[in-house]
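This report concerns only the one structure given below.
Any read-out appearing in this document is the output of simple, stated calculations on the displayed coordinates, not a laboratory observation. This structure is a prediction, so every number in the text was calculated from the model and none was measured. Please note: Cβ atoms are built from the backbone with ideal geometry, for glycine as well, and neighbour counts cover all protein chains shown.
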Amino acid sequence: MNHTRPVQVIAVTGGKGGVGKSNLSVNLSVALAQMQRRVVLMDADLGLANIDVLLGIKAQFNLSDVLSGEKSLREVMVQGPSGVKIVPASSGVQQMTTLNAQQHAALIHAFSDLSEQLDVLVVDTAAGISDTVVSFVRAANEVVVVVCDEPSSITDAYALIKLLNKEHGMMRFRVVANMTRTPNEGQNLYAKLNLVCERFLDVALQYVGHIPFDENVRSAVQKQKALLEFAPSSKAAIALKSLAKKVDEWPLPRNPKGHLEFFVERLLQSANAGM
């Protein structure tokens, strides 16, 4: 076994679409990269390859080329802003549950090959609570649940947390409020979610902070640039940088579970459990 340092694996999820999850994943990755961390961003939204669109990236290959054994993970990664490396989404991975032994081995090998040169893996999951989303979230070390001030956002986030808690025994979740109009709005959203979780579930939620609503976000998307490069001194960019500083201080796994191999093994175990 090679003794690599643990890799922080962070799944960004939300339970529904429209909460700005992919944008948060991209800019959190960029902020961490600007702090000299080696970051890989994995687009695990298998139906919609959001990150390619957000950043105007044309990916020649994707994860399905890794599974087929035709490409290494390094060969499919594309260079993103500020040195972030991006693993493009692949509709082929929807068949996580049907990978054969050879593809399993290919995936584990692909990631262990990578762990030497990686500090943080950010996994941008799809919206909703499909088996694939659950697999990715369960395999991560940290789970960031993104909520915003829409009635369905809290109920969908709760549904996701409930499923992960009741069916899979997950107990720790970090909450980020996105597109907030006031600092209090984020606290209130968290309080609402925490109230129902405390009442019905055995989980610990931690509020990590809020990202203010900012017109620059839409402009950055239209220009297909990361907000942190497009408008680095905007309100939202400053909040994202402060979020990245907190994330950087989260404890690393101290055991072999911290290795990327373990992330992939867990990913495959949950897929095989017939979820």
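Structure data summary
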read-out: Entry for volume of the Cα convex hull per residue in Å³ (calculated from the structure that is shown) out of [x] 136; [y] 113; [z] 125; value: [y]
read-out: FRET E, pair Gln60, Ser152, Förster distance 41 Å, beta-carbon r, rounded to 0.05; value: 0.65
read-out: Restricting segment 176-233 to trypsin sites (Lys or Arg not before Pro) in coil, as DSSP defines it, with at most 15 other Cβ within 10 Å; value: Arg181, Lys223
read-out: Pairwise label distance in nanometres, Ala191 with Ile238, each label 7 Å out on the Cα-Cβ vector; value: 2.5 nm
read-out: Helix-only [θ]222 nm of the chain, DSSP H runs n ≥ 4, -39500 (n - 2.57) each, per residue, nearest 500; value: -14000 deg cm²/dmol
read-out: At R0 = 22 Å, FRET efficiency that the Cβ-Cβ distance of Gln206 and Asp131 yields, to 0.05; value: 0.25
read-out: Residue with peak Gaussian network fluctuation, the chain [Cα springs, cutoff 10 Å], from Asn50, Asn165, Asn62; value: Asn165
read-out: Under the span-like rule (Cα at least 30 Å along the axis, Kyte-Doolittle mean at least 0.5), DSSP H helices of the chain; value: none
read-out: Spin-label model distance (nm) - Ser68 vs Gln117, 7 Å beyond Cα toward Cβ; value: 2.4 nm
read-out: Spin-label model distance (nm) - Lys166 vs Val53, 7 Å beyond Cα toward Cβ; value: 3.2 nm
read-out: Top of Gln79, Gln187, Gln60 by mean-square fluctuation, Gaussian network on the chain, Cα under 10 Å; value: Gln60
